[in-house]
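Have a look at the structure below, then the notes.
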Amino acid sequence: MTSEHDLIVVGAGLSGLLAARHLKDSVENVLVLDKGRGVGGRLSRRRFDGGVFDHGAQYFTVSDARFRNVADELIAAGVVRVWSTGFEDAAGHFKDNGEPRYVGVDGMSAVARFLARGLQVKTQHRVVEITGRDDGWRITTSEGVRFLSRALLLTAPVPQSLELLMSGGVYLPTDSLQALQRIQYARCLALMVELDGKSRIPPPGGKWLSGEPIAWIADNNQKGISAGKTTAVTIHAGPQFSLKHWDSAEEVVRDRLLSVAEPFLPGAPVHSQLHRWKFSLPTTLHRDRFLLIEQPAPLVFAGDAFGGPKVEGAALSGLSAGTALSRYLSPH
Ligand SMILES: Cc1cc2nc3c(=O)[nH]c(=O)nc-3n(C[C@H](O)[C@H](O)[C@H](O)COP(=O)(O)OP(=O)(O)OC[C@H]3O[C@@H](n4cnc5c(N)ncnc54)[C@H](O)[C@@H]3O)c2cc1C
């Protein structure tokens, strides 16, 4: 059976969830599909053995009034709190610019879980093909489930969204296609290490190494999301190291990163896991907060590559895409 919708959003990351939330009161039948086991995309938390790790986005900042409203709601609901207004840099200086860095009280994915409440979301639905029709779009998942939708919002990293459209033979106007093909992303190898004992990462539990091979190191126990006897440490490799070692064996990456991080990790590593973020942060951005193609039916691209390469950018893109789509989908 094929279910019919006014809008399908591909991606339950921050941009997709905020767009869906913006439309849910004015558009009846909004469905969000995500291939992941849970919602959040790059707002992600992983648990293994005794440790809990934020292994994607580490914190977020707020400058725009529209995102301020979202952040205030999250704070009022007890979902996020301020972690710090700065961190130590590579030279050992504490860099405090007074700007709050917000974190999910229960890990970064808690933000997405809160925003998904009341929305129709289907996780573990990997979209594999999108086909254009005169009156909308046909979306097919890897399980062969089919959906029809009057309008479509794509929030996966842009190369992935383009692949879905190419699979279905969708033609995009040349200028839009070229603009979308210009968008690129850096990779990030994220190592999660469980340590027997405490780390020497300085308070409040994060350090900007801002370079290669390590860009960032964090102690999830000091951060307040991991409470086991072991210490849960997240290490983000820099973009050059990540690209160079993308296909390297996990042990090779782990040993290299652990040898550099050794001054901060006095205890013995008891367990580790590597996550390879192929699309970590966009390095080439689109000039507008979303890209809209009107024919044969509304198709919108959104995400951090449109709003800015961070949590706030993804949020602003999702909110703007939601506003644009409401003009096509709202009855009034
Ligand atoms: C390692 C790392 C560190 C970061 N650190 C920070 C930080 O400290 N501060 C900050 O502000 N930002 C940070 N970011 C960036 C931030 O996480 C992102 O900008 C933001 O979360 C992007 O949201 P999004 O909605 O645009 O995309 P995503 O979160 O990527 O959401 C896209 C969703 O689409 C889904 N999807 C993809 N393909 C399909 C398919 N075929 N079918 C169904 N679903 C699909 C994915 O599963 C995903 O859930 C970091 C990112 C990474 C990876």
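The values are calculated or read from the model by the stated rules, or taken from the named source; none is laboratory data. Keep in mind that this is a model prediction, so the values were computed, not measured. Quick reminder, even Gly has a Cβ in these numbers, built from the backbone with ideal geometry, and neighbours come from all protein chains shown.
If the condition is being outside any loop (DSSP other than H, G, I, E, B) and either surrounded by fewer than 22 Cβ atoms within 10 Å (Cβ to Cβ) or away from the ligand (no atom under 13 Å from the Cβ) (or both), then the stretch 193-206 contributes VAL193, GLU194, LEU195, ASP196. For the residues GLN222, GLN273, GLN240, the requirement of being modelled with pLDDT of 95 or more, over 19 Å from HIS22 (Cβ atoms) and assigned to a strand (DSSP E or B) singles out GLN273. Restricting attention to the stretch 286-303 and to residues that are closer than 13 Å to ASP175 by Cβ and charged (D, E, K, R), the residue that is surrounded by the most Cβ atoms within 10 Å (Cβ to Cβ) turns out to be ASP288. Applying the condition of being among the hydrophobic types (A, V, I, L, M, F, W, C) and surrounded by fewer than 18 Cβ atoms within 10 Å (Cβ to Cβ) to the stretch 238-257 and asking which residue is nearest to TRP216 (Cα to Cα) yields LEU243.
Tally time: how many residues in the stretch 243-270 are touching a residue at least 12 places away in the same chain (Cβ under 8 Å) and either assigned to a strand (DSSP E or B) or not basic (Lys, Arg) (or both)? Before the answer, list the steps.
Going residue by residue through the stretch 243-270, those that are touching a residue at least 12 places away in the same chain (Cβ under 8 Å) are 243, 245-246, 250, 253-254, 256-258, 260-261, 263-270.
Then drop every residue that is not either assigned to a strand (DSSP E or B) or not basic (Lys, Arg) (or both), which leaves 243, 245-246, 250, 253, 257-258, 260-261, 263-270.
Number satisfying all stated conditions: 17.
All conditions but one from (1) touching a helix residue (DSSP H, G or I) at 6+ places or on another chain (Cβ under 9 Å); (2) without any contact (Cβ under 8 Å) to a residue 24 or more places away in the chain; (3) in the same structural domain as GLY206 (by TED's automatic domain parsing) apply to GLN273; the one that does not is (2).
Scan the stretch 151-186 for residues that are more than 23 Å from LEU14 (Cβ to Cβ) and within 11 Å of the ligand (Cβ to nearest atom) and jot them down. Quick ask: steps written out before the conclusion?
At the first step, the residues of the stretch 151-186 found to be more than 23 Å from LEU14 (Cβ to Cβ) are 166-178, 181.
Result: SER167, single match.
Residues that are surrounded by fewer than 18 Cβ atoms within 10 Å (Cβ to Cβ) and under 22 Å from SER280 (Cα atoms) were ranked within the stretch 171-185; the one that is nearest to the chain's Cα centre (by Cα) is GLN184.
Restricted to the stretch 308-330, and to residues there that are assigned to a loop (DSSP other than H, G, I, E, B) and touching a residue at least 24 places away in the same chain (Cβ under 8 Å), the residue that is nearest to the ligand (Cβ to nearest atom) is LYS310.
If you take the residues in the stretch 23-54 that are out of contact with any strand residue (DSSP E or B) (no Cβ under 8 Å at 6 or more places or on another chain) and more than 24 Å from ASP106 (Cα to Cα), which one is modelled with the highest pLDDT?
Initial filter on the stretch 23-54 (out of contact with any strand residue (DSSP E or B) (no Cβ under 8 Å at 6 or more places or on another chain)): 25-26, 36-38, 40-41.
Imposing the further condition that a residue be more than 24 Å from ASP106 (Cα to Cα) reduces the set to 25-26.
Values: ASP25: 85, SER26: 89.
Out of the qualifying residues, it is SER26.
Among the residues of the stretch 30-86, those that are away from the ligand (no atom under 14 Å from the Cβ), outside any strand (DSSP E or B) and in contact (Cβ under 8 Å) with a residue 60 or more places away in the chain comprise ASP49, GLY50, ARG66. Tallying residues that are at pLDDT below 95 and either part of a helix (DSSP H, G or I) or near the ligand (Cβ under 8 Å from one of its atoms) (or both) within the stretch 284-307 yields 1. When only residues in the stretch 96-150 that are hydroxyl-bearing (Ser, Thr, Tyr) and away from the ligand (no atom under 12 Å from the Cβ) count, which is nearest to GLY86 (Cα to Cα)? Here the residue is SER149. A single member of ARG146, ARG126, ARG150 is of a type in the set (D, E, K, R), surrounded by 17 or more Cβ atoms within 10 Å (Cβ to Cβ) and assigned by TED's automatic domain parsing to the domain that holds ALA302, and it is ARG150.
Of the residues making up the stretch 19-37, those that are crowded, with 17+ Cβ neighbours inside 10 Å and within 25 Å of SER142 (Cα to Cα) number 9.
Filtered by the rule that a residue be within 13 Å of the ligand (Cβ to nearest atom) and either touching a helix residue (DSSP H, G or I) at 6+ places or on another chain (Cβ under 7 Å) or among the charged types (D, E, K, R) (or both), the stretch 220-254 gives LYS223, THR234, ILE235, ALA237.
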